[in-house]
Amino acid sequence: MEHTSLNSSRIDRRTFLCLSATAGAGLLYGGWPQLTWAAPQAQISLPSDNAPWIEATIPELQAMMSSGALTSRELTLGYLQRISSLNPLLHAVIQTNPNAVAIAAQLDNERRAGRIRGPLHGVPILVKDNIATNDNMQTTAGSLALLNSQVPSDAPLVSKLRSAGAVILGKANLSEWANFRGFAPFNGWSARGGFTRDPYVLDFDPCGSSSGSAVAAAENLCAAAIGTETDGSVVCPSGNNLIVGLKPTVGLVPQDGIIPIAHSQDTAGPMARTVTDVAILLGVIQSPFGPVAGHSVPSDYTGFLQRGALNGARIGVDQRYFTADFGGEADLVAVVNNVAIPALSSLGATVVPTDTGDSNLYFDAEFTVLLFEFKVQVAQYLAALGHTTMRSLADLIAFDIAHCPQEMKYFGQEIFDMAEATSGDLSDPTYTAARQLCLQLSRAQGIDMALAKDNLDAIIVPSYSFASSPAAVAGYPDISVPIGVTLEGKPVGIWMYSTFLHEPQLLAFAFDLEQKLKPRQTPQFLSSVPPLPPDAGICATLPKTSQSKAGLPHLRRHLGTNKSIPGR
């Protein structure tokens, strides 16, 4: 619970109020207490704030460790110290790995012996708390319902990170159940982790659901992070925290071991301060399956990162998402218009208007697909867990009712109830028709049509808009590229997407733009932490059992940004 008396108009980066020892120690050693502010005692500086590894890219960290100027153990301890100091304010990390320092020391020993596992050797990485790690940490999607459950194994992407030498530093906070439990009026909250705060502007939406992954990368609580996206959950928090985030083509990164929403759209993706680091991570975690199986993909994406990539490119601008009706924020749109588009032109790109279609026409169909798939696939995930009685969506609903004050103080579980009301049959005509409509409108009559009609290489839209949906529904790659901040200090990015397996091209374009703009700025903790939301009053009137209702109502909030959709 946050202590609002400590709110201030600005918190200097180099001095922080002394925090409670129990909060910091509990997090560092793998506990999960309710983090609290202690009474103000003294001002302390962050010893690591000027350390040479702060703001370093993954290649720079490797160079420092190779030269002997830095060890993985020192780096890991530095990040843990920053988490201990900053997390009681930011709530970006749910849990740190109690074995992280020992793992880092072992990797240092391997380096001294001449063994380098891969490009991430000794580099500390945070993973979102819906990604399974078979170690001394929890995997809960932020929910108390899965506390103390046992996953059968590491998620394949975690195994690949470990094989490449990464130190799994901890678990990042998220919007509980990846924003797929109820219609929350905010992003970034979980029962286990509390409210994630945007370190640039403390009362700005950190966006979700990979809120903690974005905030942690932005504030140097880790070298980089892994998030997940069904619709907007990588690109939206990346845009709102001035980092780079890539939502890959569905089928490029394995889904096994990730608490699901819907396999037709789910994917993990890398989130980091630079395009280079995102490219490195993508090469490590990819393992093609499903629609990508059999296609040739690069083993290393860094070779595509060359200046001049945008020279001669044709970039479409989908003006629909620059408007308020489609989530466009006027102050962010102004930065896109005044900074990003001129920069693209100056780099030799031809920028033309385009139209990927009206996403309102498939919002409800997308929601229907996700509801059907979630009921089936969450049960499949739960069936593999040990040390838990949670085996179905109905069990999760009953748990939330039984633990309402902890789980539903601020919002309910309407989405859970809607999913439970589906048939749970993925051959149901309602489901198959919705999925077919989604693919038709987002691909053939959407992104692919716009690319072909206007002879485009990629399409750009402003961050924090409803424009995460076309690429998410199509299963196509989408990258969030930071471009600067508004006059009030809000982070701004562009989202750039293209067609199936065009990650190399998007990374190349993003790198060229990044090198031109050099948009990276460290967070300044502007504004103040907002007061906690009021009690929604759900628990006082809650029935003893779930009241799932038949039918699939219209989607009221955009799945990517969680903002209200006009006219609904």
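The values are calculated or read from the model by the stated rules, or taken from the named source; none is laboratory data. Just so it is clear, the structure is predicted and the values come from calculations on it, not from any experiment. Note that we place each Cβ from the backbone using ideal geometry, even for glycine, and neighbour counts take in every protein chain shown.
Okay, here's what the table says:
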item	result
Selection within region 396-413 - surrounded by fewer than 16 Cβ atoms within 10 Å (Cβ to Cβ) and either in contact with a Phe, Trp or Tyr (Cβ under 9 Å, 6 or more places away or on another chain) or aliphatic (A, V, I, L, M) (or both)	Ala402
Residue count, region 359-389 (criterion: within 25 Å of the chain's Cα centre (by Cα), part of a loop (DSSP other than H, G, I, E, B) and not hydroxyl-bearing (Ser, Thr, Tyr))	2
Yes/no for Arg162 being basic (Lys, Arg) and outside any loop (DSSP other than H, G, I, E, B)	yes
Failed criterion for Ala214 (all others in (1) touching a Ser or Thr at 6+ places or on another chain (Cβ under 8 Å); (2) hydrophobic (A, V, I, L, M, F, W, C); (3) part of a loop (DSSP other than H, G, I, E, B) hold)	(3)
Cross-chain or 6+ apart pairs with Cβ under 9 Å, region 277-295 first and at positive phi, then modelled with pLDDT of 95 or more and assigned to a loop (DSSP other than H, G, I, E, B)	Gly290/Val250; Gly290/Gly251; Gly290/Gln255; Gly290/His263; Gly294/Pro288
Boolean, Ser209 is assigned to a loop (DSSP other than H, G, I, E, B) and of a type in the set (S, T, N, Q)	yes
Matching entry among Leu451, Leu393 (being buried (at least 17 other Cβ atoms within 10 Å of the Cβ), of a type outside the set (Val, Ile, Thr) and free of Cβ contacts under 8 Å to residues at least 40 places away in the same chain)	Leu393
Enumerated strands (runs of 3 or more DSSP E) restricted to region 244-318, each holding at least 3 residues that are buried (at least 24 other Cβ atoms within 10 Å of the Cβ), modelled with pLDDT of 95 or more and within 15 Å of the chain's Cα centre (by Cα)	244-247, 267-272
The listed residue being closer than 20 Å to Asn97 by Cβ and either of a type outside the set (Val, Ile, Thr) or surrounded by 24 or more Cβ atoms within 10 Å (Cβ to Cβ) (or both), out of Ala191, Ala184, Ala145, Ala223	Ala223
Pick from region 390-437, criterion in a loop (DSSP other than H, G, I, E, B) and aromatic (Phe, Trp, Tyr), ranking: farthest from Phe183 (Cα to Cα)	Tyr410
Meets criteria (more than 21 Å from Ala164 (Cβ to Cβ), crowded, with 24+ Cβ neighbours inside 10 Å and touching a strand residue (DSSP E or B) at 6+ places or on another chain (Cβ under 8 Å)) for Ala100	no
Test: residue in region 269-276 that is farther than 30 Å from Gln436 by Cβ and among the charged types (D, E, K, R)	yes
Extreme residue, modelled with the lowest pLDDT, among residues of region 43-83 that are among the polar types (S, T, N, Q) and either surrounded by 19 or more Cβ atoms within 10 Å (Cβ to Cβ) or within 25 Å of Gln95 (Cβ to Cβ) (or both)	Ser48
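Residue-wise test of (1) under 15 Å from Val492 (Cα atoms); (2) free of Cβ contacts under 8 Å to residues at least 12 places away in the same chain; (3) hydrophobic (A, V, I, L, M, F, W, C); (4) in contact with a strand residue (DSSP E or B) (Cβ under 8 Å, 6 or more places away or on another chain).
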{"position": "Pro199", "(1), (2), (3), (4)": "yes, no, no, no"}
{"position": "Asp205", "(1), (2), (3), (4)": "yes, no, no, no"}
{"position": "Ser209", "(1), (2), (3), (4)": "no, no, no, yes"}
{"position": "Gly212", "(1), (2), (3), (4)": "no, no, no, yes"}
{"position": "Ile226", "(1), (2), (3), (4)": "no, no, yes, yes"}
{"position": "Pro237", "(1), (2), (3), (4)": "yes, no, no, yes"}
{"position": "Val244", "(1), (2), (3), (4)": "yes, no, yes, yes"}
{"position": "Pro248", "(1), (2), (3), (4)": "no, no, no, yes"}
